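Chemist: Handing you a structure now.
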Amino acid sequence: MEFLTGSLLELITQTSTNLPPDVRAAMSIAAAGERPATQSSQALSIILSNIDMASDDEGPICQDTGMPTFVVHTPVGVNQIEIRKAIHAAIAEATRLGKLRPNSVDSLTGKNSGNNLGEETPVMHFEQWEEDDIEVRLILKGGGCENKNIQYSLPCELEHLGRADRNLEGVRKCILHGVWQAQGQGCSPGALGVCIGSDRAHGYELAKGQLFRTLDDVNPNPELAKLEAGIMEEANRLGVGAMGFGGKASLIGCKITAANRLPASFFVSVAYDCWAFRRLGVRLDASSGAITRWLYRDPSRPVERMTKGEGFPLTGREAVLKAPLTEAMVRALRVGDVVLINGEMFTGRDNVHAYLMKNPPPVDLHGAVLYHCGPVMLKEGDRWTVKAAGPTTSIREEPYEAEVIRRYGVRAVMGKGGMGPKTLAALQEYGGVYLNAIGGAAQYYARTVEKVAGAFLMEFGIPEAMWRLWVNGFVAIVTMDAHGNSLHADVEKASGEELAALQSV
Ligand code: SF4
């Protein structure tokens with residue numbers, strides 16, 4: 001199996017950097033159907049540019065390269081232990097090359113292994129089959145969308161939808177609720193894998209397994225095919241929109257399976273994947289490990305470009321922000337304003353926020369832009385370079401952020417998906433804004449970083465450290481302002497009303 005590790009490395013690299021054609025097609029349709037000059041269409045144009053940039057430069061589409069999950073089919077007699085070892089070697093090498101972010105953290109000590117290997121990481125499922133080749137499928141699903149997975153136990157009461165009974169109508173309500181509750185936090189427009197039935201653990205596994213179907217296939221079960229089509233139509237009426245900015249494109253796919261259940265249980269398990277829907281597969285020669293064919297790709301079709309022009313069009317009306325920001329500067333901003341950040345910003349996510357509750361910051365944060373981001377960084381010689389740098393989900397910092405703003409004078413908090421009422425109140429009281437960067441646009445934003453000017457709290461590992469970045473032309477949208485306005489709260493309320501209107505059909 002001389003080529004096995006190299007083939008797996010190629011699979012990982014391509015999965016992380018080059019979206020499959022069915023996802024590209026679905027994103028093109030989503031972008032074409034969005035109302036022009038809206039925040040949702042602006043987000044989509046950045047996303048489309050990012051998809052092109054990632055494949056052009058073979059860089060990670062999103063800085064969160066997710067939990068690598070492999071599904072491997074082998075002919076009888078193939079040594080699965082060797083395949084496991086080769087997957088480990090390929091994962092470590094892909095991490096070293098910056099195609100994957102070091103994403104594997106010991107759940108007891110909090111230590112990042114640095115190479116994406118660790119207890120039960122990566123995830124591997126092996127099956128035997130009666131074909132001659134080995135088949136390896138891979139999905140990279142990030143934490144933001146993973147956190148929006150949801151499981152329902154029927155019967156139940158659902159916000160805006162009332163009672164969901166143990167029938168297909170109840171299932172329909174659960175799935176629509178699953179889209180609504182994700183809002184922009186899972187980087188919409190998203191795709192759903194759903195399992196009706198089974199037990200809790202296997203139901204989630206089967207739901208995730210549906211994400212290995214292509215977005216444009218048709219369910220062979222006519223009842224489920226009808227449900228999938230109906231969900232697509234109704235979910236895209238909710239108005240969640242790209243990144244939860246409000247808009248037409250909320251869902252790019254819905255794939256449903258059903259499994260037998262215990263009489264006492266009726267679960268609906270929903271696996272929510274983001275627009276950065278990274279899954280690919282290969283067939284391998286069972287004696288050499290060489291790639292014989294790619295799955296999900298049409299060899300006769302070259303990779304289609306997503307953008308025709310320049311990507312995100314600037315109008316000249318953008319507010320230019322350069323830290324340190326003053327109170328007057330941020331109070332002048334309103335929800336919906338587009339900002340261009342030039343100069344200094346600091347990254348800080350979960351560990352940094354917890355640290356700041358007990359310790360002073362290692363840098364002066366007065367007037368600072370604090371970016372919720374866990375970048376992919378590579379050390380080249382004695383210099384750090386940014387390989388991917390999109391935002392992470394901000395709501396995780398809701399328990400801390402108001403205090404960080406109050407104590408340390410941060411003026412702009414930036415991430416994705418918005419924050420809650422405590423942060424909104426702090427922005428109003430102390431003078432600050434929340435800026436929504438476009439989730440998953442890791443290549444787009446990495447290109448705005450001119451210099452890595454410092455690294456602090458490195459003991460937390462690369463994604464969780466505090467990085468001092470110098471940027472130029474970093475685009476974001478004000479979605480929470482110092483006047484008590486929150487686009488996220490508005491969209492959640494409006495889409496909740498749309499959801500209520502779908503209560504029964
Ligand atoms: S696109 Fe968003 S949800 Fe998906 S992996 Fe990236 S940050 Fe996470």
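Chemist: Within the range 195-211, count every residue that is more than 15 Å from the ligand (Cβ to nearest atom) and in contact with a Leu (Cβ under 9 Å, 6 or more places away or on another chain). Write out each step before concluding.
Modeler: Step one: list which residues in the range 195-211 are more than 15 Å from the ligand (Cβ to nearest atom), which gives 195-207, 209-210.
When the remaining residues are screened for being in contact with a Leu (Cβ under 9 Å, 6 or more places away or on another chain), the result is 195-199, 207, 210.
Of the residues in the range 195-211, 7 are more than 15 Å from the ligand (Cβ to nearest atom) and in contact with a Leu (Cβ under 9 Å, 6 or more places away or on another chain).
Chemist: From the list Arg279, Arg297, which residue is touching a Pro at 6+ places or on another chain (Cβ under 9 Å) and assigned to a loop (DSSP other than H, G, I, E, B)?
Modeler: On the way: Arg279 fails: assigned to a loop (DSSP other than H, G, I, E, B).
Testing whether each residue is touching a Pro at 6+ places or on another chain (Cβ under 9 Å) and assigned to a loop (DSSP other than H, G, I, E, B) leaves just Arg297.
Chemist: Would you say Val76 is at pLDDT 95 or above, farther than 16 Å from Gly439 by Cα, surrounded by fewer than 22 Cβ atoms within 10 Å (Cβ to Cβ) and in contact with a His (Cβ under 7 Å, 6 or more places away or on another chain)?
Modeler: Against the criterion (at pLDDT 95 or above, farther than 16 Å from Gly439 by Cα, surrounded by fewer than 22 Cβ atoms within 10 Å (Cβ to Cβ) and in contact with a His (Cβ under 7 Å, 6 or more places away or on another chain)), Val76 does not qualify.
Chemist: Hey, which of the helices (runs of 4 or more DSSP H) in the range 1-75, taking only ones fully inside, have at least 1 residues that are in contact with a helix residue (DSSP H, G or I) (Cβ under 7 Å, 6 or more places away or on another chain) and free of Cβ contacts under 8 Å to residues at least 60 places away in the same chain?
Modeler: Filter on the range 1-75 gives an empty set.
Chemist: Considering Val270, Val240, which residue is outside any helix (DSSP H, G or I), open to solvent by less than 20 Å² (accessible area, probe 1.4 Å), out of contact with any Phe, Trp or Tyr (no Cβ under 6 Å at 6 or more places or on another chain) and more than 23 Å from Ile139 (Cα to Cα)?
Modeler: Of the residues listed, the single one that is outside any helix (DSSP H, G or I), open to solvent by less than 20 Å² (accessible area, probe 1.4 Å), out of contact with any Phe, Trp or Tyr (no Cβ under 6 Å at 6 or more places or on another chain) and more than 23 Å from Ile139 (Cα to Cα) is Val240.
Chemist: Inspect all residues belonging to the range 336-345 and state whether any of them is under 26 Å from Val491 (Cα atoms), in a loop (DSSP other than H, G, I, E, B), open to solvent by 50 Å² or more (accessible area, probe 1.4 Å) and out of contact with any Cys (no Cβ under 8 Å at 6 or more places or on another chain).
Modeler: Looking for residues that are under 26 Å from Val491 (Cα atoms), in a loop (DSSP other than H, G, I, E, B), open to solvent by 50 Å² or more (accessible area, probe 1.4 Å) and out of contact with any Cys (no Cβ under 8 Å at 6 or more places or on another chain), one finds at least one in the range 336-345, hence yes.
Chemist: If you take the residues of the range 9-24 that are of a type in the set (A, V, I, L, M, F, W, C) and within 15 Å of Ala92 (Cα to Cα), which of them is surrounded by the most Cβ atoms within 10 Å (Cβ to Cβ)? Lay out the reasoning, then the answer.
Modeler: Start the filter on the range 9-24 by keeping residues that are of a type in the set (A, V, I, L, M, F, W, C), which leaves 9, 11-12, 19, 23.
Filter once more, so that each one left must be within 15 Å of Ala92 (Cα to Cα): 9, 11-12.
Details: Leu9: 20, Leu11: 24, Ile12: 29.
Only one residue tops the list, namely Ile12.
Chemist: Only residues that are open to solvent by 10 Å² or more (accessible area, probe 1.4 Å) and not in a loop (DSSP other than H, G, I, E, B): list them for the range 256-267, please.
Modeler: Thr257, Ala258, Ala259, Phe267
Chemist: Assess whether Ile462 counts as being open to solvent by 30 Å² or more (accessible area, probe 1.4 Å), of a type in the set (A, V, I, L, M, F, W, C) and in a loop (DSSP other than H, G, I, E, B). It would help to see each step written out before you state the result.
Modeler: Working: open to solvent by 30 Å² or more (accessible area, probe 1.4 Å): yes; of a type in the set (A, V, I, L, M, F, W, C): yes; in a loop (DSSP other than H, G, I, E, B): yes.
For Ile462, the condition - open to solvent by 30 Å² or more (accessible area, probe 1.4 Å), of a type in the set (A, V, I, L, M, F, W, C) and in a loop (DSSP other than H, G, I, E, B) - is met.
The values are calculated or read from the model by the stated rules, or taken from the named source; none is laboratory data. This one's a predicted model, so the numbers in the text were calculated from it and none came from an experiment. Here Cβ is always computed from backbone atoms with ideal geometry, including for glycine, and neighbour counts include all displayed protein chains. Surface accessibility is based on the protein's heavy atoms, side chains included, excluding ligands, DNA and RNA. Shrake-Rupley method; radii C 1.70, N 1.55, O 1.52, S 1.80 Å.
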